[in-house]
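Since the structure comes first, as structure tokens, the remarks are kept for the end.
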Amino acid sequence: MELYIIHYKRGTLESAIKSTQLTQPTQPTQPTPLPPLNRLLGDNHLYLDYPSTEREESNKSEIVNVAFVCVGEKSLNLIEREMKTMLYHRSVPVHVYIIGDEPCFQVVSTALKHWKAYGCNATLYRWERYKEEVEWIPNTHYSGIYGSLKMIMANILPTNVKQLILLDTDLIFNACISQLWQHFSNFTQDQLFAVSKEMSPWYSVSDNWPAKNRRGFNTGVLLLHLERMRERDWDAIWKSEIVRPLQGHPKLILGDQDIFNVVAKERPKVIYELPCAWNVQWRHDRIHCLEPEISSELKIMHFNEPVKDVPDSMRTKEFVELMNFVDNMNPPK
């Protein structure tokens, strides 16, 4: 298996305080200088490591596992923005898994270094090695084959990764990712994944893919209990559930989202519903959310539209201001 890893020592981050726009962490204590980089070349992987001290190892918090499917030039600016905001709010160690290509991995590893993300790691799994497992899925979604890789995370990642937050690359964080990770503790024994409602009326159209309560779910933010998925043969579950719908819908329109939705509809016990605040679907001209109190509790914004580079003249003032704020964000000195 071909992979890259980069690892930084963990620094100190004080508790967060609220502002009217974004939750801003107070300035961390000045980290100690990074030690010389160890670079170990093996037959099939490159390992980059900043070793932790014994004291730091003993004080480590639980590591939050996060994954992105990230391939191609169009994803680079998106994931850079997302990494900025995730690290801006981060108060726990994070291991970032990239199922994608080297340019995306370089953006992530550069962000970890720039934001002095001590205690964080990044690993690259080359997407081409797994495409045969999903290229048979008929799909017309703009993400193409890449989105289908979300279905096989339990196969791609090692068995010691038991729980995973799987994210689209077009998100903006407004809370620490540890708060999202804590939802795993609310899972029942039957539940395999967590997801928020789809906020557009897409699945209410009669000719579209089957979805629970005709509303369905949006898979831009997913919590996957990989350990249970492996134990219960997740591959067999989702592959069996899409056979019948594909007889009436020869191709998936929304890719992996259609598959998770038919599983949720046919096997409602396996799904944990996340609050809307963790996936507020925001287009350049409007916000989709079913919960009116979202304005004070917004955790993640999801730019849920195919065209990401909409000109400012077509965007709302709030959208432009937010993007400018994120683009100019820098780590505390």
Legend entry - Under the Karplus curve 6.51 cos²θ - 1.76 cosθ + 1.60, θ = phi - 60°, whole-Hz ³J(HN,Hα) for segment 122-131, x wherever Gly or Pro sits: 9, 10, 9, 10, 5, 5, 4, 5, 10, 5
Legend entry - Amide H partners (placed H, <5 Å) of residue 282, local residues excluded: 288, 302, 303, 304
Inset, instruction - Keeping every protein chain in place, order 302, 183 by accessible area at 1.4 Å, biggest value first, i.e. largest first. - result: 183, 302
Inset, instruction - Might you work out the accessible area of residue 254 for me, using a 1.4 Å probe with all protein chains in place, and round it to the nearest 10 Å²? - result: 40 Å²
Legend entry - Amide H contacts under 5 Å for residue 196, placed H, 5+ residues apart: 218, 221, 274
Legend entry - Backbone HN-Hα couplings from phi across segment 107-112 [Karplus 6.51/-1.76/1.60, Hz, Gly and Pro as x]: 4, 5, 5, 5, 5, 4
Legend entry - By accessible area with a 1.4 Å probe, ligands and nucleic acids excluded, highest first: order of 113, 317: 317, 113
Inset, instruction - In nm, give the distance between the simple-model label positions of residue 129 and residue 244, each being 7 Å from the Cα along the Cα-to-Cβ direction. - result: 3.7 nm
Inset, instruction - Give, in nm to one decimal, the length gained when the segment between residue 102 and residue 273 is fully stretched (0.36 nm per residue of separation minus the Cα-Cα distance). - result: 58.2 nm
Legend entry - residue 75 accessible area, assembled protein chains, probe 1.4 Å, Å²: 20 Å²
Inset, instruction - Round to the nearest 10 and report in Å² the accessible area of residue 110, as given by a 1.4 Å probe over the protein chains' heavy atoms. - result: 80 Å²
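The values are calculated or read from the model by the stated rules, or taken from the named source; none is laboratory data. These figures come from a predicted structure and were not determined experimentally. So basically every Cβ, Gly included, is an ideal-geometry build from the backbone, and we count neighbours across all protein chains shown. Each accessible area value is taken on the protein alone, full model and side chains, heavy atoms only, with ligands, DNA and RNA left out. Shrake-Rupley method; radii C 1.70, N 1.55, O 1.52, S 1.80 Å.
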